[in-house]
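For reference, the structure is listed below as structure tokens.
The values are calculated or read from the model by the stated rules, or taken from the named source; none is laboratory data. Everything quoted here is computed from the prediction, not taken from an experiment. In this analysis, Cβ positions are derived from the backbone assuming ideal geometry, glycine residues included, and neighbour counts consider all displayed protein chains. Remember, those area values only see protein heavy atoms, side chains included, never the ligands or the DNA or RNA. Shrake-Rupley method; radii C 1.70, N 1.55, O 1.52, S 1.80 Å.
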Amino acid sequence: MKLRIFEAANQREKTITSGQIQILPAGQNMYCQWANTLSFIKLEVNPSFLERVADESGFGRADKRRLEQRLLVQDGKLLLLAGWMLEELRNGGASGKLYSDSMATMTAVHLLRHYTASANRNLKSSASTDKQVSTVIEYMQMNLEKDISLQKLAIVASISLSHLVRLFKRQTGMTPHQYLIHLRIERSKQLIRCGNMSMKEIAAQVGFSDQAHFTKLFKRVTGLTPVKYASAL
């Protein structure tokens with residue numbers, strides 16, 4: 001469809017297609033008009049949050065961190081991240097703070113990498129050890145029933161949020177949230193095999209918000225519902 005874009009005293013008309021993205025710096029005014037039915041996701045990033053992630057991730061001078069305007073770009077990863085966040089909002093935050101923190105940080109890093117003046121520079125490297133990842137995993141194992149935040153894991157590992165996500169993914173092949181789900185599913189299998197707890201009790205014991213969420217993720221990981229897994233033992 002046709003999109004009419006108004007910016008300051010200028011106006012232009014563009015042909016848009018599904019999945020295209022517009023990047024606007026904070027404080028920049030732009031108005032659009034369209035004639036047909038249109039649905040879209042509007043994602044707002046607090047500049048102070050973007051600045052904090054930039055500091056933690058080793059991006060350059062403050063004047064190089066401002067988002068640059070990009071109109072009608074194709075960015076499958078950013079679209080996917082926005083879709084995941086929208087789904088989490090609709091689910092009432094069922095996946096917990098760790099998931100939402102991870103999504104927000106990943107989105108900020110992606111924006112900094114691709115839509116700022118520092119986009120093409122390499123991130124500063126920093127010393128990381130297997131012990132930091134092991135410490136985080138051990139903390140997860142000891143606190144599966146809690147709503148663990150990414151901030152808490154970063155404190156446990158004594159590193160920044162964004163560095164934790166990158167380091168953990170490099171070491172394990174998973175994000176912290178994915179690994180936490182893996183640990184919870186493995187613990188739930190042990191509890192199911194013991195056979196002395198209900199599925200509702202097991203869901204609470206391993207940190208899922210409710211039995212329905214537990215069943216959904218258990219089936220996604222194992223291919224079976226918890227009940228079918230139990231009956232197959």
Counting only protein heavy atoms with a 1.4 Å probe and every protein chain in place, the carbon and sulfur fraction of the accessible surface of the chain in whole percent equals 50
Per the helix-only model, the chain has a calculated mean residue ellipticity at 222 nm (DSSP H runs of ≥4, -39500 (n - 2.57) each, divided over all residues, rounded to the nearest 500) of -16000 deg cm²/dmol
For the chain, the dipole about the Cα centre with charges only on Cβ (Lys and Arg +1, Asp and Glu -1), to the nearest 20 debye, works out at 460
Normalised per residue, the volume inside the convex hull of the alpha-carbon atoms of segment 1-50 in Å³ amounts to 84
tail above 17 Å in the computed P(r) of segment 142-233, as % of all Cα-Cα pairs, reads 51
Debye calc, one equal point scatterer per Cα of the chain, no solvent, log10 I(q)/I(0) at q = 0.18 1/Å comes to -1.30
Those GluC sites (Glu not before Pro) from segment 1-81 that are DSSP loop and have at most 11 other Cβ neighbours within 10 Å turn out to be Glu44
If one compares the long axis through the Cα atoms of helix 47-57 with the longest principal axis of the Cα atoms of the chain, the angle in degrees, nearest 10, works out at 60
Those trypsin sites (Lys or Arg not before Pro) from segment 21-118 that are DSSP loop and have at most 13 other Cβ neighbours within 10 Å turn out to be Lys42, Arg61
Given backbone amide H placed at 1.01 Å from N, residues whose amide H is under 5 Å from that of Lys146, ignoring those fewer than 5 places away on the same chain, are none
Across all Cα atoms of segment 181-233, Rg and the largest Cα-Cα distance (Dmax), in Å, are 9.5, 26
Taking only the Cα positions of segment 24-93, the convex hull volume per residue in Å³ is 139
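What's the local net charge at Tyr99, with K and R +1, D and E -1, over the other residues with C-beta under 13 Å away? All intermediate terms of the calculation are to be shown ahead of the outcome.
Working: positive: Lys97, Arg184; negative: Glu87, Glu88, Asp101, Asp147.
Net charge in that neighbourhood comes out at -2.
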With N residues in segment 1-119, Rg(alpha-carbon) / (2.2 N^0.38 Å) equals 1.15
Of the listed pairs Lys42/Lys97; Lys77/Lys200; Lys77/Lys169; Lys42/Lys219; Lys146/Lys219; Lys77/Lys97, those with alpha carbons more than 26 Å apart are Lys77/Lys200; Lys42/Lys219
